[in-house]
Amino acid sequence: MPVLHMLLRLGVPLLAAAALPTVPAPPAAVASPAAAGAVAVAVSASAAPAAAAEEPGWRAEPVSGSGDSAVRPYFYLAGPPGTVLEDRLALVNTTGQEHTVTLRGADAHNTADGALAVRPARESTDAGSWISFGSGSTVKLPPRTRAVVPFTVTVPPASPPGDHPAAVVATEAGREVGVRVHLRVGGPALAALTVEDVAVRGRGAGRVVSYTLVNRGNVTLAPRLAIRAEGRFGEVAGRAPRAVPVELLPGRRVTLTEPWPGAPVLDRVELTLTVTAPGGARATAAASVWCLPWGISGRTGAGLLALGGAIPAALVLVRIRRSRRARREPADASAPAPVRTPAPDHELTGASR
């Protein structure tokens, strides 16, 4: 679902649907809001054109608690373990034909590069599986109407505290619209992260710093990154603190890159990455890197390779010459002949004399 991933990451806002009539909601359960940052997005099947992916002819959005005409960008739900939370989803048909939409809950997660995505139904074992639409999981939308569908989120009694990211997913003919659900279960909240696998890739002005962020806590993090660089000849331009364009979900690991336009041409640099996030999360990691001009580094590598091959060849040649010289030199006539000492006769015990 590349479009879903992209739009979730960018946080595309929803449009209001004030001008459309509202039809009665089908029978179903109900729910209330969860942690911060959810959006609705559209996705098409692989065979559908991009325009259809962005505009399937209908949309899904949270209903405001104060009135059906107002919308929220996401669901925010919070409560202790063992409670049932309620909320409502609005489905808006802006076309002149009827649409049949299927609804389900899904777990949300980070992809390897930090984008937000939803899991398939069979892989949703956390908050996505707690969402229920009852008998309203399939909704028929007449032309130019707006249906309000209640749903419930049943938090299991043994649920761990913290954020449990999820989404409500509406599907029709391979096109999907996801509305994020930020669910926070009551209890101690821990903001913690680590920075790992720091490395530098590329060369020249195209160098980038690669690193991995791991959310070790139980709440969603909005990280900020700063890079300090210290060379052999003094401090090198790094990166001032800035927001990382990732919403890092609990327990997730993402690998990111940061441009390093201030990398020196020739130096050995000690890099220190510092990442912070609201709630007191802070982590640092360091790495050493040689910055060399590409031409010099290539010639140096070739020279070292040639030198490494020449040394063993020279040693073999010296040994061969010494062996040939030893065979050509005659023996020294003035040297005394070696004296042979006869071996003593050994007495055989028990023999007659």
Of the residues in region 277-294 that are assigned to a strand (DSSP E or B) and either of a type in the set (Phe, Trp, Tyr) or open to solvent by 50 Å² or more (accessible area, probe 1.4 Å) (or both), the one that is modelled with the lowest pLDDT is 290
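Only one of these is in contact with a Pro (Cβ under 8 Å, 6 or more places away or on another chain) and either over 14 Å from residue 283 (Cβ atoms) or open to solvent by less than 40 Å² (accessible area, probe 1.4 Å) (or both): 223, 156, 160. Name it. Give the derivation first.
Details: 223 fails: in contact with a Pro (Cβ under 8 Å, 6 or more places away or on another chain); 160 fails: in contact with a Pro (Cβ under 8 Å, 6 or more places away or on another chain).
156 is the lone residue from the list that is in contact with a Pro (Cβ under 8 Å, 6 or more places away or on another chain) and either over 14 Å from residue 283 (Cβ atoms) or open to solvent by less than 40 Å² (accessible area, probe 1.4 Å) (or both).
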Residue 153 vs (1) assigned to a strand (DSSP E or B); (2) out of contact with any helix residue (DSSP H, G or I) (no Cβ under 9 Å at 6 or more places or on another chain); (3) among the β-branched types (Val, Ile, Thr): all pass except (2)
Test set (1) under 19 Å from residue 133 (Cα atoms); (2) modelled with pLDDT under 95; (3) open to solvent by less than 50 Å² (accessible area, probe 1.4 Å); (4) in contact with a Gly (Cβ under 9 Å, 6 or more places away or on another chain) - residue 74 fails condition number = (3)
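Yes/no per residue for (1) under 22 Å from residue 171 (Cα atoms); (2) assigned to a strand (DSSP E or B):
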site: 60; (1), (2): yes, yes
site: 77; (1), (2): no, yes
site: 87; (1), (2): yes, yes
site: 90; (1), (2): yes, yes
site: 103; (1), (2): yes, yes
site: 109; (1), (2): yes, yes
site: 113; (1), (2): no, no
site: 122; (1), (2): yes, no
site: 125; (1), (2): yes, no
Could you please let me know if residue 209 is modelled with pLDDT under 95, among the hydrophobic types (A, V, I, L, M, F, W, C) and under 30 Å from residue 57 (Cβ atoms)?
-> no
Within region 175-216, which residues are open to solvent by less than 30 Å² (accessible area, probe 1.4 Å) and in a loop (DSSP other than H, G, I, E, B)?
-> 191, 192, 207
Residue 117: passes all of (1) open to solvent by 30 Å² or more (accessible area, probe 1.4 Å); (2) part of a strand (DSSP E or B) but (1)
Out of the residues in region 131-189 that are more than 18 Å from residue 80 (Cα to Cα) and among the acidic types (Asp, Glu), which is modelled with the highest pLDDT?
-> 172
Select from region 226-255 the residues that are buried (at least 19 other Cβ atoms within 10 Å of the Cβ) and in a strand (DSSP E or B) and list them in ascending order.
-> 227, 229, 236, 238, 248, 254
Of the numbered conditions (1) open to solvent by 20 Å² or more (accessible area, probe 1.4 Å); (2) in contact with a helix residue (DSSP H, G or I) (Cβ under 8 Å, 6 or more places away or on another chain); (3) in a strand (DSSP E or B), residue 171 satisfies every one except a single condition; which is it?
-> (2)
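The values are calculated or read from the model by the stated rules, or taken from the named source; none is laboratory data. Owing to the predicted nature of the structure, the values given are computational and were not obtained by experimental measurement. Cβ atoms come from the backbone with ideal geometry, glycine included; neighbour counts cover every protein chain shown. Keep in mind that these areas ignore ligands, DNA and RNA; they rest on the heavy atoms of the full protein, side chains included. Shrake-Rupley method; radii C 1.70, N 1.55, O 1.52, S 1.80 Å.
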